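Here is the structure we will look at.
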Amino acid sequence: MEKASGSANPAESQGNLGELLEEAKGGREALIPLLQRIQERCGYVPPEYLEPVAKHLGLFPSEVQAVVSFYSQFSLTPKGRHIVRVCRGTACHVRGGKSILRVAEENLGIKEGQTREDLRYSLETVACLGTCFLAPVMMVNRNYYGKLVPPQVLSILRQYE
Amino acid sequence: METVAITLDGVPVSGRQGMTILELAREVGVRIPSLCHEPSLKPVGACRLCLVEEEASRRLLASCVTPIASGMRIQTRSPAVLEARRVILQLMLANHPESCIVCDKGNRCQLRQLAAEAGIGLVDYDRMDSFVHTQEANPFIKRDLGKCVLCGKCIRVDQELVVVGALDYFHRGFQARPGTFLDRPLERSECTFCGSCVAVCPTGALSDSTPVHLGTVGERTATTCSYCGCGCSIWVQVCEDRLVRVEPKTEGSVNKASLCVRGHYGSGYLHSRDRLLNPMLRRKGETVTVSWQEALEETAGRIMEIASRHGPASVGFFGSTQCTNEENYLFQKLARLGIGTPHVDNGARFQGVSGILAMQEELGVSGATHPLEELEYAKVILVIGAQPLESHPVASYALKRAVKYKAAKLLYVSPLEDGLSRMAQLWIKGWPGFEGRILLALLKEVILLKGSSMPRWLEGKELGELLQSTLVQPEEVEEAAKILCSSSSCALVFGRGLSSAPGGKERVRILVRLAMELGCLGVAGGGIYPLDRAANTQGACDMGTLPEFLPGYRPSADPGCREELAQLWGKLPAMGPGMSFPRMLEAAARGELRALYIMGENPLGLLPGYAAEALSKLEFLVVQDIFPTATSSMAHVVLPAAGFLEKEGTYTSLERRIQRIRPVCSPPGGARPDCWILSALLKRTAELPEYETPAEVMKEITQCVPQMRGVRYARLEAEPLFWPCTDPSASGERILLRGKTHEQGVEPDLSRLLGMEREDPDFPFLAVEGESLFRVGSASRSSRAGRLREFSGQRLVFLHPIDMGRLDLEEQSRVRLVSRWGELSATAISKPEIPRGLLWVVPAAQGRGLEGLVSWSWDPDSGMVQTSQARVRLVRGS
């Protein structure tokens, strides 16, 4: 199974920040690409990176935080190795998406938006995955699982160590 | 300018290209409601309440962000607009707490006003309350974000105007709210408690956490802040004769929608129980309360008796930088005409007098050469010997806006890391006290780069030699000079660190010379900005409350100028120059000066112990003040005066802006406006008819101060005036010295700049007093402003972590600074960026400064007493 994200240990990746900052040129417009690279490299945006990023781009730390907290693609807390996304779009809703979410929550022992303490899974909901013909849909990392019935959820999740 | 014609509610109107629909509507008097619009901030279209309908397309447009276009037909009150507005308001109310009855914003809440106008009562939607804890641990700002409507004004005022960046949006959707970095409480964020966000907040989300007085305010009065020399315009709201709230006055002001913590929260001292309420006399060691009649008779009688016995020159007068132009004018008239003594000085002697004298001598202009708003057009800004963030916050906002949003390059010369050092293109960490040498090195390098002729006194001086002991490297100066020479829109900013230290006058002269060399005088975006002045330091000096000058900077020793004044006064003013305040004290100590009249200053709170000794030798001391002070405790007569919200007059800010102050509450007890007291004394000494109003005094001022010939009270009602304002129809010149050519002035006395601070092995540290947002002068006011005092209760000392370690100090441990002459306790804080061996002392809102640690010494060139630096050793414990 492929890994969804890189190392989640900030201490290990601290050295990377300088490198990433080197590459980022410009002001505000360089912020999102830089955050994306950090997220990619660390699996999340470590809060201790916000100030150096702000300083480097000439922004206020609060401005950087505003961007990080606005976009769902960025997270300020470590994410699990596997990102489970349950679709809560209209098509999935009428075909039982709500039960899929409930079963996923029960099986993982976390609520939507949370990450398991062992950092194995993070559970998220999305407004639509764009595959309504497969409703109800769930995604794990980059893999789609469609036309789900609740009992399938556990066996799918188990495949991701 | 191209005009654009549109139709607004069926009426043809025209505006300028680029204007928004909302701006045009407000200009022509059509009201469009809005919660997120603020003229001094960039429009964002967040609240959608300003929707209007375009007739052709039937589209609803947010008028605050839609520019007018030719031929547009706009309806501001069509059924579709009204319905959309109602729905938006109802949605806002559906997650707004129903706590209006206990909300401090009350009837001032704009959301509530708009809902009432739209006739919205209870909302039919399901409520979606957002519960957020109220935060009010600091004494200034209460945040109750459950009431936030996400207009973003607090964020924009914080980032665009004040340039602090404490706030931005945090999260998104229903969770979104204005948040600090890492969601810390305000007191642990970058927030400076300027309160500008509270003033713009349309709802109760932000309010004052500890109001001075609760009450429903009917109306507000415009006046001028009395703390620093920026001259901010404020709205003052009063209820039951007590101050309730201060807010920034946006229109036509230097401060726009911003203020600082002092201006916003620092005026509560006026209602302190300490206020002097009745005139008092000291009789046989006892202090007795007397009537005004008796106090005035005693004051006039004793002073005249001493003057006739020992000559008028045995009497001295010391005026105030907190008192108005009118009061200072009358004060020096009382001295020069009533008593006939030339010895008159004012509190500027403790702050900016060397800057005023040097600029007056070199340029003929004692104030800033440009208005503060010109700072925003500067391309390069040099800040030396100044801490604008603390001393003149509103000027610092303009400076930061130039750097952050207009790409001005900042050169910051300061040993202390702060918000400006972080924004600086080049931060030069010079050892304090050596700013003069750094300037000299800069001047030399600039002359070399410009290829102009090197003055003889700079020839053969190497950079390394000039920079000896300054901790500054020649390369830094070379780089700084290159940046300075990159544009003639170059603003030079200095503060007390430059002008108040020994050799201050000489240092300012060098700065003026640098300005001339750079060609930045009379140029847009250029200029010299003296940030070393209090509310009316400029005005007090303009009025001639100085031993060197008669009103309007006419030399007090010049027979022609005296003669001219005599035509107005009917009698020759005393022959100058008189003694500066330190000279007066020394004369008092020798028994030559026998009587002294001090108005609105507390010299004993600012000077070393010698001053008390000198005052104790006086036969007669009069102190006129609003509070009992160390100085008033030695007085033979104490006259209770009115505070700045209790009297009428004008202040002149450091940018030469003349503004009204107005009475909004009555003075407590028997306290009286200084004008009234001085006028009564002039009647008793010079047998002059009493002045009825300060306006009458101003009329006289305009006759003897040429720069102010065109000033009239009636004109000041409408707009502020800048001096020189010689014509009753012009609003005064804003940028001075246009076409000023480069001049080779008098040779500066370099020995005053190059003098070395002697090392002393017993006292290895140099303690330097920094500026503080929460304190001004001798702290008579800030120590009684409850909220300032509560927040800034401790004197701090910043030092290098290695120095901390050597003394085995922990963070925040108590230490004592011990000098040969005294000691002071403080809380130690480590600062990695500070040079070793330096102690940067930040005074608290109350308590003393460094004056107790120094010996009596003053600069004969400027007459300023050295109190900002002391050689000390550091001892653990308090």
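Just so it is clear, none of the values below were taken in a lab; they were calculated from the coordinates. Here the structure is a predicted model, which is why all the values come from computation and not from measurement. With ideal geometry, Cβ positions are generated from the backbone for all residues, glycine too; neighbour counts draw on all protein chains shown.
Structure above, values below:
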read-out: Partners for residue B:142 among lysines (Cα-Cα distance below 20 Å; same-chain residues under 8 apart left out); value: B:105, B:153
read-out: Net charge over other residues, Cβ less than 14 angstrom from the Cβ of residue A:91 (K, R count +1; D, E count -1); value: +4
read-out: Percentage of interatomic Cα-Cα distances in the protein assembly as shown larger than 52 Å; value: 27 percent
read-out: DSSP beta bridges in chain A [antiparallel fraction, %, rounded to 5]; value: 55 percent
read-out: Cα Rg over Rh - region B:302-417, Kirkwood; value: 1.16
read-out: Dipole-positive endmost among B:711, A:149, B:405 within the protein assembly as shown (Cβ charges, Cα centre); value: A:149
read-out: Interchain or long-range residues, amide H under 5 Å from residue B:813's placed H; value: B:828
read-out: 0 to 90° range, to nearest 10: angle between helix B:674-686 axis and chain B longest Cα axis; value: 30 degrees
read-out: Lysine pair count for region B:294-428 [Cα-Cα under 15 Å; pairs on different chains or 8 or more apart]; value: 5
read-out: Of B:449, B:434, B:424, farthest towards positive along the dipole that unit charges on Lys, Arg, Asp, Glu beta carbons give region B:397-477; value: B:424
read-out: Stokes-Einstein D (µm²/s) once Rh is taken as the Kirkwood radius of region B:271-339 over alpha-carbon pairs, at 25 °C in 0.890 mPa s; value: 174 µm²/s
read-out: Protection proxy ranking of B:725-737, B:651-663 - average other beta-carbon atoms within 10 Å, highest first; value: B:651-663, B:725-737
read-out: On Cα atoms only, tilt of B:694-704 relative to the major axis of chain B in degrees; value: 60 degrees
read-out: Computed P(r) (all Cα pairs; chain B; 20 Å bins; percent); value: 14, 45, 33, 8, 0
read-out: Computed FRET value (nearest 0.05) for residue B:188 with residue B:293, which takes r as the C-beta separation and R₀ as 41 Å; value: 0.15
read-out: Residue-wise HN-Hα coupling along region B:628-634, computed from phi with Karplus coefficients 6.51, -1.76, 1.60 (Hz; x: Gly, Pro); value: x, 10, 4, 5, 5, 5, 9
read-out: Per-residue average of Cβ from other chains inside 10 Å of B:174-181; value: 3
read-out: ³J(HN,Hα) computed for each position of region B:222-227 - Karplus, 6.51 cos²θ - 1.76 cosθ + 1.60, integer Hz, glycine/proline x; value: 8, 8, 10, 5, 10, 8
read-out: Largest-first ellipsoid semi-axes for region B:159-229, taking √(5λ) over the Cα gyration tensor eigenvalues, angstrom; value: 26, 17, 12
read-out: Compactness of region B:596-660 - radius of gyration and Dmax, Cα, Å; value: 14.3, 40
read-out: Loop-exposed trypsin sites (Lys or Arg not before Pro) per DSSP, neighbour cap 12 Cβ within 10 angstrom, longest uninterrupted part of chain A; value: A:26-110
read-out: For region B:1-156, diffusion coefficient by Stokes-Einstein and Kirkwood Rh (Cα), 20 °C, 1.002 mPa s, µm²/s; value: 125 µm²/s
read-out: By average C-beta atoms within 10 angstrom, highest first, the peptides B:825-834, B:864-873; value: B:864-873, B:825-834
read-out: Angle between chain B longest axis and helix B:559-569 axis [Cα atoms, degrees, rounded to 10]; value: 60 degrees
read-out: Under 5 Å, built H, 5+ apart or other chain: amide partners of residue B:868; value: none
read-out: Theoretical FRET efficiency, 1/(1+(r/R0)^6), r = Cβ-Cβ of residue A:119 and residue B:44, R0 30 Å, to 0.05; value: 0.15
read-out: Mean Cα-pair separation over length for region B:1-112, i.e. relative contact order, pairs under 8 Å, 6 or more apart, %; value: 27 percent
read-out: Efficiency of FRET from Cβ geometry, residue A:112 and residue B:713, R₀ 56 Å, rounded to 0.05; value: 0.25
read-out: Within a Gaussian network of chain A (alpha carbon springs, distance under 10 Å), most fluctuating of A:92, A:42, A:128; value: A:128
read-out: Mean separation of Cα contacts under 8 Å, 6 or more apart, over the residue count of region B:818-878: relative contact order %; value: 45 percent
read-out: Mean Cα-pair separation over length for region B:447-543, i.e. relative contact order, pairs under 8 Å, 6 or more apart, %; value: 27 percent
read-out: Around residue B:73: net Lys/Arg minus Asp/Glu count, Cβ-Cβ under 15 Å; value: -1
read-out: Highest-first arrangement of B:537-549, B:477-489, B:150-162, B:588-600, where packing means the average Cβ count within 10 Å; value: B:537-549, B:150-162, B:588-600, B:477-489
read-out: Spacing of the two label points (7 Å from each Cα toward its C-beta) at residue A:156 and residue B:107, in nm; value: 6.1 nm
read-out: Extension gain (nm, one decimal) between residue B:693 and residue B:449, 0.36 nm per residue minus Cα-Cα; value: 82.3 nm
read-out: Long-range tail of P(r) for region B:108-167 (Cα pairs > 19 Å, %); value: 51 percent
read-out: Shielding by partners, peptide A:67-73 (average Cβ within 10 angstrom, other chains); value: 3
read-out: Spin-label proximity, residue A:23 to region A:37-69 - amide N less than 11 Å from point 7 Å beyond Cα toward beta carbon; value: A:37-41
read-out: MRE, 222 nm, helices only [DSSP H, n ≥ 4, -39500 (n - 2.57), over chain B, to nearest 500]; value: -7500 deg cm²/dmol
read-out: Rounded to whole Hz, the Karplus (6.51, -1.76, 1.60) HN-Hα couplings of region B:425-435, x for glycine and proline; value: 5, 9, 10, 9, 8, x, 5, x, x, 10, 4
read-out: Per-residue mean of C-beta atoms belonging to partner chains within 10 Å, peptide A:53-63; value: 5
read-out: Local electrostatic count, residue B:581, Cβ distance below 13 Å [Lys/Arg +1, Asp/Glu -1]; value: -3
read-out: From the C-alpha gyration tensor of region B:691-832, square roots of 5λ in Å; value: 47, 26, 15
read-out: Nonlocal amide H pairs with residue B:208, under 5 Å, H built at 1.01 Å; value: B:142
read-out: Alpha carbon Rg of region B:470-515, scaled by the compact-globule rule 2.2 N^0.38 Å; value: 1.28
read-out: Mean projected area (nm²) of the alpha-carbon convex hull when chain A is viewed from all directions; value: 9.8 nm²
